[in-house]
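Written below as structure tokens is the structure these notes are about.
Taken together, the values in this text are just the output of simple stated rules run on the coordinates, not laboratory data. Just so we're clear, the structure is a prediction, and the values are computed from it rather than from any experiment. When we count neighbours, we look across all protein chains shown, and the Cβ atoms used for this are built from the backbone with ideal geometry, even at glycine.
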Amino acid sequence: MPDVIIVGRNPLLGAQLAAMLLASPGQRLTWLLDEVDNWVARDLTNLVAECLSRISGDRAPGLEESWWERMKLVFWKTDQEDSVKASEAWFLTGKCSLPGVANNEFEEDCLRRSLHLIATSGVGVLNYVGSIYDGDRGTPAHSNTPQLSAAEREVCRFCAEHKIRVRLFLSSWLVGEHCLPHDFGQGVDRLFHIMDELTAEIQERSSEYFDFHALRVLASTDATVNLVRMDHAVQLMVYTSAHKKVFDFPYCIVSTEETPFSDFCELLGEVYGLRILCVENPEALNAIDRLFGFQLAGTEAAWSGQKACIYQNTGAGVGLELSQDAQAAFLFSIHQSLGKARLARDERIADFHGKMEKRTAPRDVSTLTYYIAGTQGEYILVLNALGQPLDYWSRLIDILMRRYRVIIWETRGLSLEAGELRLSDLVDDIEVIVRQEQIDSCHLVGWCNGPQVAMEFYVRHPEPILDMVFLNCAFTIPGRSDLQTSYGETLEALCRIMIDNPSMTGSIHRSLSVPPVTEANLDDSDAEGRAIQVLSLTNIHLRESVRAPFRTEISTFNYARQILHLVASPTLDYAAIVQVPILVVGCEHDQVVGSTKSEVVADLFPRSRYVQLPGATHYSFYDRPEHLARMMESFFKESQIVSSHKDVKIVSHNGIEREQMSSR
Amino acid sequence: MEANIIIANELRTIVVEAINTRVTKAQLKGALRDDVRLADLGIDSLGLILIFADLSSRTGLQFERWEGMAPIRTVDDVIQFALVLSQRSGH
């Protein structure tokens, strides 16, 4: 039995393929993944075991006991490539269309590296598994054969040059009962993840929105999707690879039947407990619908392009159809899995502080308490907003701590009865931690006023800083009061009243400590205004936390003093000297710091990237932790590439983001 | 009676002035209708606290929010709140 390698960026399909291959006794395989840690490895091996158990249960009981000795899951680093040997390879294509996450370059890089590995590992046959929706297929060639995309042609050319025979499998939407919560998903699986993320995000701002209003998606009335059972598709591909000597020819894995997209949406809505309507007129969409559409970017080819059933070039489509009952069962199963993952996450972070190691450092006026999450990887220092608790970070740190050592603390000084903590004291705190933990290099991630402290630290000690991430940064930009939000102006005005007239502090403190009215008018007849109101709301779980600086009259007064001190500090004057890459993230519905300000800030730095998150608020890293974690990891990787190759020019990928990462 | 009406009218003028200074949407500044929602004027809960601080300075009354108070959503809600405070303080 020839050894097999699996590469590419579709772990869900990879797990099912691995299970199918391992079901053959004696089959050995090496699965190389770009992003694998203990967490991911556990998810993947569990899924392989589950699929294998299902496959082998009938025909080879007991097989699953030894399979893990025949599968090697490898974190793919270039220096390991020489040791990989195989006679057959599977390349599984995959995209990750998220704002701020490098896609094209990494996708091309992944293909390039995979082809190199395939050529050097002795592979004689490559099975390339792509999507029928990739690229523009144009009019089918003879025998309903789709035209190849540029990437597929490149693969064929490379394989011809290296005398490797290539089989191309092109599939429509593969649907199964499984999903991988840690992954963003491909094709229809991506759609399920988006549904899960979007509905959870909206419901955490307004729990009733979807009780009264439907979610709309742009699609023509005759739009259809082509759904194929994933397990059957994998079975067919593995069988074909073992028994058919058809090469350099796209083998289409599509169903003979098309499913009306509106029916599919109706079913999806039933599973998620809301209504999903297909509309043809873009003007019928509100801000929430457009956010849904934005996130679906890259998947809409499945219902807006050529119907996949025309690519019936092999007759293999018979038996691949997905009945409505199976569709419902699979969708329900996926919805349940994603819900369970969310619950498990919430249980983990319920004891967020307990999961981190608490450390202290003596300071002149009070003790600095900080926490470390994670035991391996590079350091990330989180610079929290003034006076805010750590709760905001729980979801993001839950992800980052798998691969990084994250250090976080609350800014000091709000409870001081005498004396004043200044910006330089906040910078001293970073210095103390860096020294005490003997940190040689780290990433700095700051939120709100955190980036100002990060910048000041950089000016004082640039050496350990690899790069910086500025989330919703609240810098003061001289001469640009127009960039101030109404919230920012009001807060500053209140702070001035308290400092100019301290006797007002008690009254203002009492008013600030009362929960504000935070509800959207769901009866508003203006659909757009209604959706924007909902999108602008603070997450339900954070509404208590935002009032933390106003716990006491003293903390309110000290907070006012610190805010005004930061406002008066001309930190951005040093922007031009910052040499490390900076990722600046702005959010469309940030009421505290407008996204325009973030964009202007990004422009002031020599090496920066600006990413705007549509539909997000000041608390995006709590609302979208997976996205933010992926964005940061992608940025950290890229910034290291850019740092080592000064001439690398990273071009824009998608959406609203804008980049200028090249050295200037 | 007449004096009360004069005080109420003065208070109303002061409240409307205070609100007007916080209206972020220029086209809405000026003569405010009583039933206009503060949110529609671009005034959020923090903006309302600033208006309260302003009104406290101008009137000497203690404008504060407290737990359980009826939500203040419209211009008229602020005026009525001011009148209640005024009556309580015996002005």
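Working from Cα pairs under 8 Å separated by at least six residues, relative contact order for chain A is 12 percent.
When the charge dipole of chain A is built from unit charges on Cβ atoms (+1 for Lys and Arg, -1 for Asp and Glu) and taken about the Cα centre, the candidate among A:Gly377, A:Leu331, A:Leu180 whose Cα reaches farthest toward its positive end is A:Gly377. Loop-resident GluC sites (Glu not before Pro) (DSSP state other than H, G, I, E or B) in the stretch A:226-322 with no more than 12 further Cβ atoms inside 10 Å of their Cβ: A:Glu280. With both labels modelled 7 Å from their Cα along Cα-to-Cβ, the A:Lys340 to A:Phe249 distance reads 4.2 nm.
Multiplying each eigenvalue of the alpha-carbon gyration tensor of the stretch B:2-89 by 5 and taking the square root yields semi-axes of 20, 16, 11 Å, largest first, rounded to whole angstroms. At a Förster distance of 45 Å, what's the computed FRET efficiency of B:Asn20 paired with A:Ala350, Cβ-Cβ distance as r, to 0.05? After rounding, the FRET efficiency stands at 0.45. The alpha carbons of the stretch A:68-197 occupy a box of 43, 42, 30 Å along the principal axes, longest dimension given first.
Hull volume per residue, based on the alpha-carbon atoms of the stretch A:530-576 and their convex hull, is 134 Å³. Computed over the stretch A:259-351, the Cα gyration tensor eigenvalues convert (square root of 5λ each) into semi-axes of 28, 22, 13 Å, ordered from largest to smallest. Rounded to the nearest 20, the size of the Cβ-charge dipole of the stretch B:2-89 about its Cα centre is 180 debye, with Lys and Arg at +1 and Asp and Glu at -1.
Axis of helix A:486-500 versus longest Cα principal axis of chain A: the two differ by about 30°, to the nearest ten degrees. Note on chain A: dipole from Cβ charges, positive end direction compared against A:Leu421, A:Ser634, A:Ser486; the farthest Cα belongs to A:Ser634. Among the GluC sites (Glu not before Pro) within the stretch A:413-446, those in coil by DSSP and having at most 14 neighbouring Cβ atoms inside 10 Å are A:Glu417, A:Glu420.
Computed from label points 7 Å out along Cα-Cβ, the spacing between B:Val84 and A:Glu270 is 5.0 nm. In this label model, A:Asp263 and A:Gln579 are separated by 6.4 nm, measuring between points 7 Å along each Cα→Cβ vector. Just flag the trypsin sites (Lys or Arg not before Pro) in the stretch A:331-364 sitting in loop per DSSP whose Cβ has no more than 11 other Cβ atoms within 10 Å. Loop-located and lightly packed - none at all. Principal-axis analysis of the Cα atoms of chain A puts helix A:188-203 at an angle of about 30° to the longest axis.
In chain A, helices alone account for a calculated mean residue ellipticity at 222 nm of -12500 deg cm²/dmol, with every DSSP H run of four or more residues adding -39,500 (n - 2.57).
The alpha carbon gyration tensor of the stretch A:456-600 gives principal lengths a ≥ b ≥ c with a/c of 1.5 or higher and a/b no greater than b/c, which makes the shape oblate. Spherically averaged projected area of the convex hull of Cα atoms, the stretch A:525-604: 8.0 nm². Under a model in which nothing but the beta-carbon of Lys, Arg (+1) and Asp, Glu (-1) is charged, the stretch A:85-166 shows a dipole of about 280 debye around its Cα centre.
Over the stretch A:283-442, the Kirkwood radius and the radius of gyration, each from Cα atoms, give a ratio Rg/Rh of 1.21. Where does helix A:11-22 land angle-wise versus the long Cα axis of chain A, in degrees 0 to 90, nearest 10? Here the helix axis deviates by roughly 40 degrees.
Neighbour counting of Cβ atoms within 10 Å sorts the residues B:Ile72, A:Ile439, A:Ile582, fewest neighbours leading, into A:Ile439, B:Ile72, A:Ile582. If only the Cβ of Lys and Arg carry +1 and only the Cβ of Asp and Glu carry -1, the dipole of the protein assembly as shown around its Cα centre is close to 1280 debye. Farthest toward the positive end of the dipole of the stretch B:2-89, out of B:Phe81, B:Leu50, B:Ala70, is the Cα of B:Leu50, where the dipole comes from beta carbon charges about the Cα centre. With 27 Å as the limit, the listed pairs A:Lys85/A:Lys163; A:Lys358/A:Lys597; A:Lys95/A:Lys307; A:Lys163/A:Lys245; A:Lys163/A:Lys244; A:Lys95/A:Lys355 have A:Lys358/A:Lys597; A:Lys95/A:Lys355 beyond it between alpha carbons.
Reported value for the stretch A:318-403: 152 Å³ per residue, from the convex hull of its C-alpha atoms. Annotation: average projected area of chain A is 30.4 square nanometres, based on the convex hull of Cα atoms across all directions.
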